[in-house]
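Each remark here refers to the structure printed beneath this line.
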């Protein structure tokens, strides 16, 4: 299965990524984690267990809805590569335009200020996106296969979301205020009796942390997790070290639509016979609804028609 492949990127379709595909399964798991809440018997002010069960069901449903919503929204990613903790110097900053294409996302490089660069390469990237959108709208065996793979991948992601109900114990600790929202804070620990059903869900047993959920909407608002034991990947050809860390924040980016606005990875380990050190922060901004491919292709065509002369191929 594509999702279980150690060398497969977390997003389907045409893409670019500087992150080693070896870590894609772990990053995918951490970014999808909802929670299975369990109330604390030591705090009578917290909601009763029945309401916690209802909340869990709503969070699961909202996580799946967010997965679907992202298929019709583009966004801008500012990706910062940093030296290990304690060394604050940036080693690389990239701006990418992430545009949904019907089976995944195209990643189009932008200029250092986050705007379209005045170069033929940008127009070429947009032209390739247009071609793919036109292609995916056709009814052929290649298109059906691409769509089937994307649907299979989504089904697997949904199964991972559901699996967190069995994999973790989440204990309600209290409430926090973020802006004008009230967040419920839960600790996240692996269940001792959990039996993983795949290599991928085995990773659940080696992660713990804290999650925050928006009280009003039952949306996952933040997750902060760390690796508690060394994790072997790719048939032991790669390893993520104990202490590696992940954090993601999510906000409402359109009425009823929540999506990531910030992510941070601090992973150390090895791949094959060399060490790896990934210390990245990503900021996601400028979310815009572009719609499914039939709508999106018209937007891309309109943009291609408005590009200044210096963007056009000679």
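Key figures
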read-out: Complete set of residues in the stretch 260-290 that are loosely packed, with under 15 Cβ neighbours inside 10 Å and not in a strand (DSSP E or B); value: 272, 273
read-out: Selection count where residues are under 21 Å from the mean Cα position of the chain (by Cα) and within 14 Å of residue 103 (Cα to Cα), scope the stretch 130-156; value: 10
read-out: Single match in 157, 181, 208 (criterion: at pLDDT 85 or above and under 21 Å from residue 57 (Cβ atoms)); value: 181
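Listed here are the residues, each with its yes/no results for (1) modelled with pLDDT under 65; (2) over 22 Å from the mean Cα position of the chain (by Cα); (3) assigned to a helix (DSSP H, G or I); (4) surrounded by 12 or more Cβ atoms within 10 Å (Cβ to Cβ).
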| residue | (1), (2), (3), (4) |
| --- | --- |
| 60 | no, no, yes, yes |
| 68 | no, no, yes, no |
| 75 | no, no, no, yes |
| 86 | yes, yes, no, no |
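The values are calculated or read from the model by the stated rules, or taken from the named source; none is laboratory data. Computed from a prediction, not measured in an experiment: that's the story for all the values here. Glycine also receives a Cβ, built like all others from the backbone with ideal geometry; neighbour counts cover every protein chain displayed.
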